[in-house]
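Working notes for the structure below.
The values are calculated or read from the model by the stated rules, or taken from the named source; none is laboratory data. Given the structure is predicted, the values throughout are model-derived calculations rather than measurements. Here the Cβ positions follow ideal geometry from the backbone for every residue, glycine too, while neighbour counts run over all protein chains shown. Remember, those area values only see protein heavy atoms, side chains included, never the ligands or the DNA or RNA. Shrake-Rupley method; radii C 1.70, N 1.55, O 1.52, S 1.80 Å.
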Amino acid sequence: MTKSLVIVESPAKAKTISKILGSGFKIIPSMGHVVDLPKTRMGVDIENNFAPHFIVAAKRKKTLSEIKAAAKKADKIYLATDPDREGEAIAWNIKEKLSQNKKYFRVVFHEITPQAIKEAFKHPADLNVKKVNAQTARRVLDRLVGYLLSPLLWRKIAGGLSAGRVQSVALRLIVEREREILKFTAQEYWEIAAELKAVHSKFIAKLEKIEDKKAEIKNEAESAAVIEDLKGKEFVVSEVRELEKKKNPLPPFITSTLQQDAFYKLRFSSARTMLIAQQLYEGVELGKEGAVGLITYMRTDSVNVAQGAIKEVRGFIQEKFGQEYLPESPNLYKSKKQAQEAHEAIRPTSVSRVPESVKESLTPEQFKLYTLIYNRFLASQMKPAIYNVTSIDIRAGRYLFRASGSKLIFKGFTAVYELQEEKEEKNTLPPLEKEELLELVKLLPSQHFTKPPPRFSEASLVKTLEEEGIGRPSTYAPTIQTLVYRDYVRRLKGYLHPTELGCKVNDLLVEYFTEVMDIKFTAGMEDELDEVEEGNLEWVKVINDFYTPFKGKLDYANEVIQKEVITTDEVCATCGKPMVVKWSRKGKFLSCSDFPNCRYAKSITTGIKCPQEGCLGELIERRSRRGLFYGCTRYPNCTYTAKALPGEKTEEEKQEK
């Protein structure tokens, strides 16, 4: 019994920690959850206070055997799983499967660096049963919703479908946004700008008011009347306003804001962002330095930063940028109410590892994300940017034009982190004085139309889920992945479009399960799970309060909902009976109405003949991991495929338009 056993979750993490702890420790990765609820049945004893029946996952039996064998030889066992509810539950469940005659220690760290690891092992703690209870409640709650609602969808719509507590609310947001867009009627309006000249400088001013009321020009005729009325009018500066405006830096990243910025600036999906962030957290080989964790834990909703990290970054800012960029005291940021304050924000583990110094050790994607995280953290502890903002009012009879401009006079944090909206310096105006007469160069009328609300991108959906309190940092990416995998939603040019199937599933759930699909109710459930973690609520009570009304609605829905049958004019090629439209996870298809006695089925084609020479097949829509495409009904004899129908644009090209 010479070595202490350390249990972590991933091989990469094990490799990095092993180099830090040295030969006195044996590190074994659990590969995630060793035990879980069974896949083939609910695994929750509803009659016995919703007791979960956890079993050893088939693919983890060998791993558990290795852990047990190592545990027998160890004098101490350290449970070093991730520092969140899920990590706590994994540690708890592993301990339950091992001998209770051993010494167990829970070690928690938010970054994989020598200092953080050694400090964590110096001050181990006990497992937090409140955290475990909160995770158990979430797991049971999600299992009840998924395992009771999904079979309803199978019977009423199609097999292979699924529903989920967070997933279904996210789907509702996407579907309702799509319907807002479809119902939207564009309204025409016109704007009028004036190109004006002062001495030798030209600039643009926009018509703001007519007789001191907001200018509202609805059509070309009204625009032409205004232009006619402006003929011969003098354009005179009536007011000049100048002020200094400060723009404060943003806080360091949390999970949701990292996913948003990575989408807008790097075009990374949420899942891609989290995968790369996990690689940076668990450790990257840096030549002689070995494997090093480059960022802190990436699943967090807290903007807190360790005092040591603040001290380090302030010293770095002073040395590299000078005293003028360093605030007198550290910038402090406030986390949201439900944030787990013991966690830290996402930051580099050391600001001395500037992105360029580790670039050769990283993949291009890792380098881009690390640079984003590094610069955001550095900027968060710098002084505000300062702008000189000028606003000029210009009178022309009963019309008021306005020109605005801003000039950056102190870069502050923007020296390292550029905001999305600040990519271009705004209109710079010439120096003007009150009562100055300007020369009208020309009037610039322009036609516009009001725009519908935008579809959700992954970034804007994550932002909305976070703002509404739906889900937690670990759930955003897998929720979106599930919606896409089930074909409820499709990604087109970075935006989320609900499918016909997604709308169908959403409508059934909204009609019969109002509370489950309600945003405020779902957010309230998250708050209750937080209360369980705080020890203020019993997890069984939370589940019971949800289950009782939910079960009543489920029974009612099973009784009254009739499966929709759409009969077509086409007849079965085998038995001659009418063909009906059915659904599967891959979309609509035609099936014999006498199923299961007759199993004839066929795809619903586009009606367009296959372009392959000599082929008599037709094109149908198909799906693969790479997205949508069209293939021939005679596959595998004909292997023709295309991203769009002949003569049509691809979905991406349609979206670009």
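Quick notes on this one:
- When Val571, Val580 are checked against the criterion of being modelled with pLDDT of 90 or more, in contact with a strand residue (DSSP E or B) (Cβ under 8 Å, 6 or more places away or on another chain) and within 30 Å of Gly146 (Cβ to Cβ), Val580 stands alone in meeting it.
- All conditions in (1) modelled with pLDDT under 95; (2) within 30 Å of Ile566 (Cβ to Cβ); (3) surrounded by 21 or more Cβ atoms within 10 Å (Cβ to Cβ) hold for Ile174, with the sole exception of (1).
- Residue in the range 447-461 that is among the aliphatic types (A, V, I, L, M) and open to solvent by less than 20 Å² (accessible area, probe 1.4 Å) present: yes
- Verdict on Val140 being hydrophobic (A, V, I, L, M, F, W, C), within 21 Å of Tyr556 (Cα to Cα) and either open to solvent by less than 20 Å² (accessible area, probe 1.4 Å) or modelled with pLDDT of 95 or more (or both): no
- Looking only at residues in the range 94-107 that are among the hydrophobic types (A, V, I, L, M, F, W, C) and open to solvent by less than 30 Å² (accessible area, probe 1.4 Å), the one that is modelled with the lowest pLDDT is Leu98.
- Of Glu47, Glu88, Glu119, all but one fail to be within 30 Å of Ala309 (Cα to Cα) and either without any contact (Cβ under 8 Å) to a residue 12 or more places away in the chain or touching a Phe, Trp or Tyr at 6+ places or on another chain (Cβ under 8 Å) (or both); the exception is Glu119.
- Note on the range 1-42: among residues that are touching a residue at least 24 places away in the same chain (Cβ under 8 Å), part of a helix (DSSP H, G or I) and open to solvent by 60 Å² or more (accessible area, probe 1.4 Å), the one that is nearest to Gly87 (Cα to Cα) is Lys15.
- Whenever a residue of the range 434-451 is closer than 12 Å to Glu191 by Cβ, its partners that are part of a loop (DSSP other than H, G, I, E, B), lying with C-beta atoms within less than 6 angstrom and at least six residues away or across chains, give the pairs Phe449/Ala186.
- All positions within the range 43-65 that are open to solvent by less than 50 Å² (accessible area, probe 1.4 Å) and in a strand (DSSP E or B): Val44, Ala51, Pro52, Val56
- Within the range 73-96, considering residues that are out of contact with any strand residue (DSSP E or B) (no Cβ under 7 Å at 6 or more places or on another chain) and not acidic (Asp, Glu), the one farthest from Ala12 (Cα to Cα): Lys73
- All of Glu652, Glu648, Glu564, Glu618 fail the test of being within 27 Å of Pro151 (Cα to Cα), surrounded by 13 or more Cβ atoms within 10 Å (Cβ to Cβ) and either at pLDDT 85 or above or acidic (Asp, Glu) (or both), apart from Glu564.
- Taken together, Pro330, Pro348, Pro355 contain a single residue that is at pLDDT 95 or above and touching a Leu at 6+ places or on another chain (Cβ under 8 Å), which is Pro348.
- Scanning the range 377-389 finds one or more residues that are in contact (Cβ under 8 Å) with a residue 40 or more places away in the chain, open to solvent by 20 Å² or more (accessible area, probe 1.4 Å) and β-branched (Val, Ile, Thr).
- Selected residue [open to solvent by less than 30 Å² (accessible area, probe 1.4 Å) and closer than 28 Å to Ala271 by Cα] from Ile392, Ile317, Ile373, Ile310: Ile373
- Complete set of residues in the range 497-518 that are surrounded by fewer than 16 Cβ atoms within 10 Å (Cβ to Cβ) and closer than 24 Å to Gln135 by Cβ: Glu515, Asp518
- The lone exception for Tyr399 - which of (1) modelled with pLDDT of 95 or more; (2) loosely packed, with under 13 Cβ neighbours inside 10 Å; (3) over 33 Å from the mean Cα position of the chain (by Cα) it fails: (2)
- Matching residues in the range 600-613 - criterion: being part of a loop (DSSP other than H, G, I, E, B), open to solvent by 80 Å² or more (accessible area, probe 1.4 Å) and free of Cβ contacts under 8 Å to residues at least 24 places away in the same chain: Glu613
- Set Lys202, Lys206: member being in contact with an Asp or Glu (Cβ under 8 Å, 6 or more places away or on another chain), of a type in the set (D, E, K, R) and surrounded by 14 or more Cβ atoms within 10 Å (Cβ to Cβ): Lys206
- Answer residue from the range 467-491, given it is out of contact with any Gly (no Cβ under 9 Å at 6 or more places or on another chain) and either free of Cβ contacts under 8 Å to residues at least 24 places away in the same chain or part of a strand (DSSP E or B) (or both) and is most open to solvent (accessible area, probe 1.4 Å) among those: Tyr485
- Hey, His110 surrounded by fewer than 22 Cβ atoms within 10 Å (Cβ to Cβ) and out of contact with any strand residue (DSSP E or B) (no Cβ under 8 Å at 6 or more places or on another chain) or not: no
- Against the list (1) within 20 Å of Phe268 (Cα to Cα); (2) among the polar types (S, T, N, Q); (3) without any contact (Cβ under 8 Å) to a residue 40 or more places away in the chain, the condition Thr300 fails is (3).
- Hits in the range 512-530 (condition: assigned to a helix (DSSP H, G or I) and of a type in the set (A, V, I, L, M, F, W, C)): Ile519, Phe521, Ala523, Met525, Leu529
- Among (1) farther than 25 Å from Thr499 by Cα; (2) touching a Cys at 6+ places or on another chain (Cβ under 9 Å), the one test that Pro596 misses: (2)
- Residue match in the range 78-92 (condition: in contact with a helix residue (DSSP H, G or I) (Cβ under 7 Å, 6 or more places away or on another chain), open to solvent by less than 10 Å² (accessible area, probe 1.4 Å) and not aliphatic (A, V, I, L, M)): yes
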